[in-house]
Structure formats: C-alpha cells, structure tokens
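**Q** I have a structure I would like to understand better, so I am pasting it below and will then ask my questions one at a time.
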Amino acid sequence: MSDSRHNFITIDKASLKYTIWSGGDKVMLCFHGFGQEHSVFKSVYEVLKETYTIYSFDLFFHGDTDWDRGEKSFYPQDWFDFMQTFFTKEKINRFEVMGFSMGGKFALVTAQLFPAQTDHLHLLAPDGIKTHFSYRFSTYPLLFRKIFKTQIKNPSVFKGIVNLTRKLRLMNNYTLRFAETQMNTEFKRAQVYYSWVIFRHFMPDLKKVADLINNTPTRLTFYLGKYDKVINKKEMQHLIVLLDDYELKEIDSGHSKLIEGVSKVL
C-alpha cells in the first residue's frame, strides 16, 4: 500500500486538491484529462515509486477541487499563485511535470511559469497546443457562450450539430462519438461548459515553452497513442516547428488508455 496523503491550496474561493504518493527523491507533478481525477496516475506511480514522489492534482471542476468564483476567468498568473504556494508548502525546488489531454495545458503553463525548476516536460496527447475553432466559437463571443450554457440543461443544439457534422462527414466518427461521451449527462455538460469558459484565457505561450526547451537542459517528450483519433502528431505541429530537439514516443494505445500505455514504457 502506498504512503499517500492529500492536501489543499486555497486562494480566493478556489481550493485545489492534490494527492502525494511518497517514493523516491525526484518529484513528478501530474495533471489529468477531462472527466478524470488524480487517481488516473496511480499506474505511473507504481512504475516510478522507487525514484519519484508523485504529486497528482484534481484540476478545477474535477474530483475534490472546489471553485466558488462564478464565471470569473482564470489566467496563467492565477495558476502561478497556486503553484508558488504549493512549491513553498511542499518545499519543492525542482520537478518534472506530466500532463494528459486537458492536463497538458496545465503542464505547459507550469513549465512556462517556472522554467528554472522544470527538468522534464512529459506531454501525453496534450491539449493547449492547437486551439480548435469550435472552442473559440463557443467560448469567446458572449452570445455564443450564452447559447453554449443553455446546452447544460437542453443539449438539442449540440446534438443537432453532431448529427449534421456526421451526415456531412466533416469529422471522423470516432471523434464525434468521443464528443458525445463527454456531453452525455448534465453533470458532464456542466463540466465542459465551465472548464472551457473559465479557462478560455488560460493558454501556454508556445514561444516561451520552445525557448525553455531550446536554450536550457529541460527536456520535452511527447507520448502519442498509435490509435488516437482525438489528438495526434498533426495537433502538435504548432509547438514542434519551434523546437530544435524533442522526443516523441508512439504508444500502442488509443486516447482514453494512453496513461496506462505510457506507464508501461517509463
């Protein structure tokens, strides 16, 4: 049984939960994907526990992390405040960071904000590198945000768009089914709405990330699923073209099982 404990960082009506799985002297920070929580990285801990202590977070609107700021936007500077408090509280000076899907955005911003402390950036099919038109369309203009919010209770517009997209073959069926699973309950639709709207200004500066990788010893490794139709290498190009060096590992996995697949190759 692992030596684990839980802790919280609370700032201005928002409380960020993280779990510590104690192990070796190295530190790994882990950020999960949409609809998940900290426990998805347990397989990573089991592989790395002789070398690493894992700090796995429940991101906002997930797990036991609380958000009581209404629809107030969240910016990288807000994340800096949480992480600076976390590092001070846990006495962490250097770390590696791992992010899967939605958590990839948090991993990228963490490395950008704390470049001197970041030894290695592990990106598992990360979000935050390419911003999709549908995301901008539904979150930036106020009118479209209001329409988006109505879908929490009555997802008729969402279902109509999916059906039309499927009929016109504008997107592969796997991606559409994935979107449907993320929106198939009122709770999940609320998660999508608040995760997208609150974090619409929470994006990494890819040039700063590239400067970190190109000009310091910090390493970057991409882990992409061989059968992942949600996020693939094409989605990474906005960052890859800025990099002098990086590592890419193709995992025998789709999107949803990628963390488990990565734990087998670490």
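**Q** Build a GNM of the chain with springs between Cα atoms under 10 Å: which of Phe87, Phe199, Phe61 gets the top mean-square fluctuation?
**A** Phe87
**Q** Pull up the cross-link candidates among the aspartates and glutamates for Lys49, meaning alpha carbon to alpha carbon under 16 Å and not fewer than 8 places away within one chain.
**A** Asp3, Asp25, Glu96, Glu260
**Q** Restricting everything to alpha-carbon atoms, can you work out Rg to Rh for the stretch 19-83 with a Kirkwood hydrodynamic radius?
**A** Rg divided by Rh gives 1.04.
**Q** Given a Förster distance of 22 Å, report the FRET efficiency between Gln84 and Asp64 from their Cβ-Cβ distance, rounded to the nearest 0.05.
**A** 0.55
**Q** Against the longest principal axis of the chain, how steep is helix 186-198, in degrees 0 to 90 to the nearest 10, with axes from Cα atoms?
**A** Roughly 70 degrees between the two axes.
**Q** Which value in nm describes the separation of the simple spin-label points at Leu266 and Lys208, placed 7 Å from the Cα toward the beta carbon?
**A** 2.7
**Q** Step through the table entries Lys91/Lys264; Lys130/Lys167; Lys13/Lys89; Lys207/Lys229; Lys17/Lys89; Lys130/Lys208, compare each Cα-Cα distance with 22 Å, and write down the pairs that go over it.
**A** Lys91/Lys264; Lys130/Lys167; Lys207/Lys229
**Q** Also, I was wondering about something else. Output the Kirkwood hydrodynamic radius of the chain, Cα pairs only, in Å rounded to one decimal.
**A** 19.1
**Q** Show which aspartates and glutamates lie in cross-link reach of Lys159 when reach means a straight Cα distance below 15 angstrom and same-chain residues fewer than eight apart are skipped.
**A** Glu180, Glu186
**Q** Right, something else. Under a point-charge model restricted to the Cβ atoms of Lys and Arg (+1) and Asp and Glu (-1), what is the dipole moment magnitude of the chain relative to its Cα centre, in debye to the nearest 20?
**A** In debye, rounded to 20, the chain gives about 1260.
**Q** I would also like to ask the following. Output the peptides 29-38, 223-232 sorted from most to least packed, where packing is the average of other Cβ atoms within 10 Å over each peptide's residues.
**A** Per-residue mean Cβ counts within 10 Å order the peptides as 29-38, 223-232.
**Q** Take the stretch 200-266, compute every pairwise Cα distance, and split them into 10 Å bins from 0; I just need the percent in each bin.
**A** 19, 43, 35, 3
**Q** Would you mind calculating the gained length between Ser156 and Tyr227 on full extension (0.36 nm times residue separation, minus the Cα-Cα distance), in nm to one decimal?
**A** Residue separation times 0.36 nm, minus the Cα-Cα distance, leaves 22.5 nm.
**Q** Compute the angle between helix 102-113 and the longest alpha-carbon principal axis of the chain, please, reported from 0 to 90 degrees and rounded to the nearest 10.
**A** Rounded to the nearest ten degrees, it is 50.
**Q** List the GluC sites (Glu not before Pro) within the stretch 50-96 that DSSP assigns to loop and that have no more than 16 neighbouring Cβ atoms inside 10 Å.
**A** The qualifying sites are Glu50, Glu71.
**Q** So for the chain, taking the charge dipole from beta-carbon charges (+1 Lys/Arg, -1 Asp/Glu), which of Ile11, Thr53, Gln36 sits furthest toward the positive end?
**A** Gln36
**Q** Using only DSSP helix segments of four residues or longer, with each worth -39500 (n - 2.57), what per-residue ellipticity at 222 nm results for the chain after dividing by its residue count and rounding to 500?
**A** Taken over the chain, the calculation gives -11500 deg cm²/dmol.
**Q** How far is helix 156-168 tilted, in degrees, relative to the longest principal axis of the Cα atoms in the chain, given as a value from 0 to 90 rounded to the nearest 10?
**A** 90
Throughout, read-outs are computed from the coordinates displayed, never taken from laboratory work. On a predicted model such as this, the values are computed, not experimentally measured, just so you know. Cβ atoms come from the backbone with ideal geometry, glycine included; neighbour counts cover every protein chain shown.
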